[in-house]
Structure formats: C-alpha cells, structure tokens
Amino acid sequence: MPHIKLPYGKSLVEIDVPKNNLVGILTGKHAPGQTIERAFEHAWKNPIGIENPAKLIKPGERVVFVVTDHTRSTPTQEIFSLLWECIHTNVRSDDVVLIVATGTHRPPTKEELQAMFGNLLDRFRIEVHDCDNDLLQVGTSRRGTPILVNQHVAEADRVVTIGHIGMHYYAGYSGGRKNILPGVAGRETIEKNHAQLTDPGCEACVYQGNPISEEMSEAAQMVGVDFIVDCVLDGQGQVGRVVIGDLEEAHAVGRAFWDSLFRVTVPERADLVVVSAGGHPKDIDLYQSYKALYNAGKAVKRGGIILLVAACPDGAGNDVFADWAMRSKHPRDVFDIFAREGFKLGGHKALYLAKDLQRAEIYLLSEGSRSCVERFFLEPVSSPAEVLNAARKRFGKDYRVLVMPHGAETFPIIGSPVFEE
C-alpha cells in the first residue's frame, strides 16, 4: 500500500492509498539540480531581451524593487542579495526602496518580514504596499481601467520586479507584470481588472488573449518596469531556473520552463482527488489554498470527491470571500449574490468555489473549526482515511484515486499517462 506524504502547513500529513485504487501521484518534473547562486549567475550573464541589466541603473537614481509578499514562495532575500552584489557600485542603498507587493492581502507580520528579508531589514528601506493609500495614477488602460499604483513605484527612476512564475487560475501565470498589478496597484484598479474574470479567456496557463493578463502587462509597461527577476521553483520548492530581462520576453521563457515541469498529463479523471496546496505559505488561508482546489477540479470526475489538505492558520483569508459564504445557505446562493451585486474582489473566489461544488463534493483537512469549514460548504475531516472510506462507500471497492502533493503548482491535462506511479 503506497505511503504518501503531503505538505501541510510547516509539517506533513500521511495517507495510505490501496495500490489497486491509485491512479497515480501527480507531480511536476524535477528541475536539473543547481544552487540558487548558479541559477542566478547564469541568468545575469544571459539576460533575455536586454543587453546588460546593470547598465540600466545609474548613480543617483531612485530605484524601487517590487517583491512578492508573505503568501508567495519567492526566495526574496537570496535573490535580492545576489542582485545587489551585481549593482551595488551603481546605486547607493539610500536610493533603494523594496516594496512588498501585497495587492489586497493583509500586511505581513514582523515575523513574516523577518523570514522574507532576514538581515536586509537592517540594511535597506522596506515598505509594505497599501492598496488604499499613497497612490498615483500613471495612466488608463485600453479597457478604461484607471491604473493607480504605489507612489514610490510611480515616482521611481528605475523599477525592478522580483518574483516567481507559476500558474494562476484566471491571470494565466504569476510573475513579471503581476508584481505591479495587482501587487502594488490601488484597490479600484485591482477590482476593475479582476472583474473581467468571467471572460472565457481568463483561464489558467493562458497568457495571450487573456484580458486580465493583458491589462496587467499594460499597467507594468505604464510604470516602466526596467527588468524582471523571476525564478521558477520545482515541485520540491528548489529553484529550477532564474530568468532576468525584458518584462515580456523573459517572462515568456520562464513560463515555457514552468510548462515543461508542471503541465502534467493524466490518463483519466478520478473518483477521488487528494490534493495538498503545497504547505506553508501556499496554505496560509483558504483564499490562497483555493489554487490547488482549482487544479484538482480539472482531474476529478463529475460527481466525484476532492480532499483538500491545507492548514489555513489564517482562516478564510479575505473578508468578502467569507461574507459571501456566510450570506449563502447553499452554494447556488453565491451566484444570486453575484447577479445582484456584480464583481467584488474576494467574492470572485466564493463564485469559483461554488462552481467547483457543482462538480464534486469537497472535504477539507485543516486547522479550522467545524463551523468555519462548513461555512464554505466544505466537509471538515480530521484524517485522510475518513475520505478514503467515504469514496469506498460511494464508488465501491474499485474506486480510483489521484494524489496531488503540490496541487497549486500542478496543472493536469487529461490524456495519456506521464506521471509518477
């Protein structure tokens, strides 16, 4: 009987799936082993779409580095330290500001900032973005969205983003332009951008022809991002590649590399999909953990079961998300709220969850109370074995199980098998 370990918060949860019932363990490919230093050095010496990133930064210029927040796995301290070694002769530390791109997320705690930056906290000015204050408009998008961004970013002479590239379930991919919108954008800008998510083009792994993604790129171009530094992490959280260069060209290379690792073909949809969000910080709350649930929904049969393994120490993670759920007696009520009130940031995730609940029954293994979990129409469980028993009772002894240990970073495509058994 395969003994499988799933990331859960900062620890692991174990599950034993009968061998005859296991379709497979769906994971991304392992990237070629290399240190972050070697990956960065190769990227710095081979920039994409620009000649020499160091020459873009001149003495006396105000330089802003926009970095991802505590809900992302970017190795910010390591990446920035390596970058600083390459440019420190061109710019004084006093002329540098690091902006934490929170979008509409809560600000990171002191402990989270320490984990993100380490000794950089004592050496550089670090600001946390506030989507409701200190904003400037840098333009209006072709779709009529006012592009409001953090004042430090708008007034900088140079802007560099530091992030990581992965799948995003309606923006196509993370990384690059996403550090600007939603990362350091105003709430109005973010809401109008995200309100387009009902467009058929707003899908995971869709970049061109995705209106949300295209408007994000437009915003980053208005800001004048000089170059991006993005990493691609493999399924073990190790840096597989770093790309440095032009906003669009470097990102294209990075997302192609991500596709080669994480777009994984499976032979059949399963009766039961067991999916982990990938552990901390990907399962910091239900709002973030949903990305894994989205991917699991593509691999489960209609009428099947999904078990989401996500610690969610911060609970729901978004007030509107929680409000729409609390105001609904049934998942279909979320659609009525959306019809009456239109798009609201946070409510969109309740809408996606309601769609998933039309396809499958969803169980949640988390730190949340029974009442909190049930508020989102999910079934709380204390162990994976409970869900295996439920699947056996519903589908019989030959029920089929697919396990996704890093669900937020694994995009299933139904077809022939190319996965680990």
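The values are calculated or read from the model by the stated rules, or taken from the named source; none is laboratory data. Since the model is a prediction, treat every value here as computed from it, not as a measurement. Positions of Cβ are generated from backbone atoms using ideal geometry, with glycine treated the same way; all protein chains shown enter the neighbour counts.
Using the structure shown, decide if Leu113 is outside any loop (DSSP other than H, G, I, E, B), surrounded by fewer than 22 Cβ atoms within 10 Å (Cβ to Cβ) and under 18 Å from the mean Cα position of the chain (by Cα). Considered against the rule, which asks whether it is outside any loop (DSSP other than H, G, I, E, B), surrounded by fewer than 22 Cβ atoms within 10 Å (Cβ to Cβ) and under 18 Å from the mean Cα position of the chain (by Cα), Leu113 comes out as no.
Residue under question is Asp132, and the condition is that it be under 29 Å from Glu191 (Cβ atoms) and out of contact with any strand residue (DSSP E or B) (no Cβ under 7 Å at 6 or more places or on another chain); does it hold? The answer is yes for Asp132. Among the residues of the range 38-47, not a single one is without any contact (Cβ under 8 Å) to a residue 40 or more places away in the chain, more than 29 Å from the chain's Cα centre (by Cα) and assigned by TED's automatic domain parsing to the domain that holds Val160. Scanning the range 153-169 for residues that are part of a strand (DSSP E or B) and within 20 Å of Cys205 (Cβ to Cβ) gives Gly163, His164, Met167, His168.
None of Glu78, Glu61 is under 23 Å from Gly183 (Cβ atoms), free of Cβ contacts under 8 Å to residues at least 60 places away in the same chain and among the acidic types (Asp, Glu) except Glu78. Scanning the range 58-77 for residues that are surrounded by fewer than 16 Cβ atoms within 10 Å (Cβ to Cβ), touching a helix residue (DSSP H, G or I) at 6+ places or on another chain (Cβ under 6 Å) and closer than 27 Å to Asn150 by Cβ turns up at least one hit.
For Thr161, the test of being of a type outside the set (Gly, Ala, Ser), surrounded by fewer than 19 Cβ atoms within 10 Å (Cβ to Cβ) and farther than 30 Å from Phe338 by Cβ is failed.
Of the residues Leu307, Leu293, Leu351, Leu286, the single one that is closer than 21 Å to Ala204 by Cβ, crowded, with 17+ Cβ neighbours inside 10 Å and touching a Cys at 6+ places or on another chain (Cβ under 8 Å) is Leu286.
When you scan the range 43-92, how many residues do you find that are over 30 Å from Arg106 (Cβ atoms) and among the hydrophobic types (A, V, I, L, M, F, W, C)? Residues that pass the stated criteria total 10. Screening Leu247, Leu233 for residues that are of a type outside the set (Val, Ile, Thr) and more than 13 Å from the chain's Cα centre (by Cα) leaves exactly one candidate, Leu247.
When residues in the range 364-382 are screened for being over 23 Å from Phe335 (Cβ atoms), without any contact (Cβ under 8 Å) to a residue 24 or more places away in the chain and either out of contact with any Lys or Arg (no Cβ under 6 Å at 6 or more places or on another chain) or of a type in the set (Phe, Trp, Tyr) (or both), 4 of them pass. Within this structure, Ala204 fails the test of being crowded, with 24+ Cβ neighbours inside 10 Å, within 22 Å of Asp69 (Cβ to Cβ) and touching a strand residue (DSSP E or B) at 6+ places or on another chain (Cβ under 8 Å).
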